1. For the condition in contact with an Asp or Glu (Cβ under 6 Å, 6 or more places away or on another chain), within 21 Å of A:Leu176 (Cα to Cα) and either open to solvent by 50 Å² or more (accessible area, probe 1.4 Å) or of a type outside the set (D, E, K, R) (or both), what is the one hit in A:His213, A:His191?
2. Take the residues in segment A:64-93 that are within 16 Å of DNA strand C (Cβ to nearest atom) and under 25 Å from A:Pro229 (Cβ atoms); name whichever of them is farthest from the chain's Cα centre (by Cα).
3. Which condition breaks for A:Arg172 when tested against (1) touching a residue at least 40 places away in the same chain (Cβ under 8 Å); (2) open to solvent by less than 60 Å² (accessible area, probe 1.4 Å); (3) farther than 16 Å from A:Ala87 by Cβ?
4. Taking only segment A:32-75 into account, find how many residues are in contact (Cβ under 8 Å) with a residue 60 or more places away in the chain and in contact with a strand residue (DSSP E or B) (Cβ under 8 Å, 6 or more places away or on another chain).
5. What is the residue count in segment B:1-20 for residues that are away from chain A (no Cβ under 13 Å) and either open to solvent by less than 50 Å² (accessible area, probe 1.4 Å) or modelled with pLDDT of 95 or more (or both)?
6. Which condition does B:Val61 not pass, out of (1) within 11 Å of DNA strand C (Cβ to nearest atom); (2) part of a loop (DSSP other than H, G, I, E, B); (3) closer than 17 Å to B:Met166 by Cα, if it passes all the others?
7. Restricting segment B:137-159 to residues that are within 14 Å of another protein chain (Cβ to nearest Cβ) and under 17 Å from B:Arg88 (Cβ atoms), which is modelled with the highest pLDDT?
Protein chains: 2
Amino acid sequence: MIGGVRLREEKRSLGEQAYLSLREAIVTLRLKPGQMVYESELAELLDMSRTPIREAIRTLVVDDLIEVLPQRGMKVSLISTTKVEEARVIREVLEIASLKGGIDRWKNFSDTHDELAAVVESCLAWQKRAAARGDIKDFLDADEAFHRAIVMVGKNRTLQSVVGQMRAHLNRVRVLSVGKLENFDVLLDEHNALYQNIKKGDQSEALSILMHHLRRLVTDMPLVQAAYPDYFTS
Amino acid sequence: MIGGVRLREEKRSLGEQAYLSLREAIVTLRLKPGQMVYESELAELLDMSRTPIREAIRTLVVDDLIEVLPQRGMKVSLISTTKVEEARVIREVLEIASLKGGIDRWKNFSDTHDELAAVVESCLAWQKRAAARGDIKDFLDADEAFHRAIVMVGKNRTLQSVVGQMRAHLNRVRVLSVGKLENFDVLLDEHNALYQNIKKGDQSEALSILMHHLRRLVTDMPLVQAAYPDYFTS
DNA sequence: GATTATCCACTTGTATGCCAGTATTCTCTA
DNA sequence: TAGAGAATACTGGCATACAAGTGGATAATC
């Protein structure tokens, strides 16, 4: 465990592999909202039997990313603006609380914070490279790693996990807005500013940046919904 | 859907039934922390094949309530004081945010609030009856329903669900303290006071009561751990 | 007596087939 | 031509069988 960012498990069951593959496909919209999918089809796609697919699906149902229609098939969940806003609120509340609890402790620079700082800085560099290439997917991966790291300022692994679950819902919308409505340079500047203010212990400023950052989705979502009405619940 | 408290689904798969049964058994400590359990044993116990049991277990693993030891069996997760404290913090932060967002709206009494008020009041009556009988399990069920309802003051279903997940961890400790360290009458008074202050829109007082209420666990947990050391991680 | 290798009983992981439910299509009748 | 009923093709839910991994017990060796 380095700076709260969990190292990749070396040995995963087929079910776990299926879960990660399918979740990634849903969050990046390769499996589109509203699209019908079938157990046997996914089994063939991922080159395994239905059993591990079913295991993965069980967890994706818990994540609210797939909806099972018994004996009919399954549907990738449509994006619910209510669900996205609820998830955003939860994320905001938890990340703010996490930073409030953690920024004061950051001042007492320890080895643990050295590790965390290293991870955060590598994520910022990764984002910069992705932005330079205009690679939206890579940028979002780096964005995800950055926020996963930042939230560990508050040293609460369970909170990190809950916020990660919420981010899956937000990212289905952000995939459609990053690069268009969400400008790379603006996002990079905000991430840098957030981190610099954490480092110097300016809690008030850091929280202000974070709230501004997270509320962009509120503005963007109606525009995304207008552009992709089929992806959203009515 | 009445007052945010989801009506019981009439038709559940065997896997869903298994999940609810096993989760309840874990949270109420009928399946004890650290206890080894086996798929075939649980299948026999719940009178079904291993397949729905495995489905239920997948979700219990996500809940962090069961730990699979591949090819060896499974273990009911030991209670981690770190995990309990992290879950408590998340619950506190989210419930406070929910009430903050909702108490102001409560003043504008609508039909929706009439329904919520009815549910809350029926839960308070349920708790009183359970306390009168000294029925700890029943009291905790009513407590659970009460808090599930109260949190819907903020009208965020996703938040309600996340807080419910957190409460599972807290309740494994509370099962051991309610009736002993946690006095029924004190808990009843606090629930009543919380509700009365929500009704009259006194946000400051309601939040103060809620925080006091939720922090009792901080005091109780070391005592519970001392009394039941085998239930806790070292 | 200690160490190492082997075996076995146990488990979970996975594959597959059957059952039952659902929706669409086809056929028959008025 | 339209409506009702039957047939069919598809699905997920579930049971069961087989594969593979693990750790303890036992035997063999030094």
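1. None of the other options fit; the residue is A:His213.
2. A:Arg72
3. Failing condition for A:Arg172: (3).
4. The qualifying residues number 4.
5. Of the residues in that region, 2 qualify.
6. (2)
7. B:Leu159
Quick grid of which residues meet (1) more than 21 Å from B:Lys83 (Cα to Cα); (2) modelled with pLDDT of 95 or more; (3) of a type outside the set (D, E, K, R); (4) part of a loop (DSSP other than H, G, I, E, B):
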| position | (1), (2), (3), (4) |
| --- | --- |
| B:Leu176 | no, no, yes, yes |
| B:Lys180 | yes, no, no, yes |
| B:Val186 | yes, no, yes, no |
| B:Gly201 | yes, no, yes, yes |
| B:Ala206 | yes, no, yes, no |
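The values are calculated or read from the model by the stated rules, or taken from the named source; none is laboratory data. Remember, it's a predicted structure, so these values are computed and weren't measured experimentally. Using ideal geometry, Cβ is built from the backbone for each residue, glycine included, and neighbour counts are taken over all protein chains shown. Areas reflect the complete protein model, heavy atoms only, side chains present, ligands, DNA and RNA absent. Shrake-Rupley method; radii C 1.70, N 1.55, O 1.52, S 1.80 Å.
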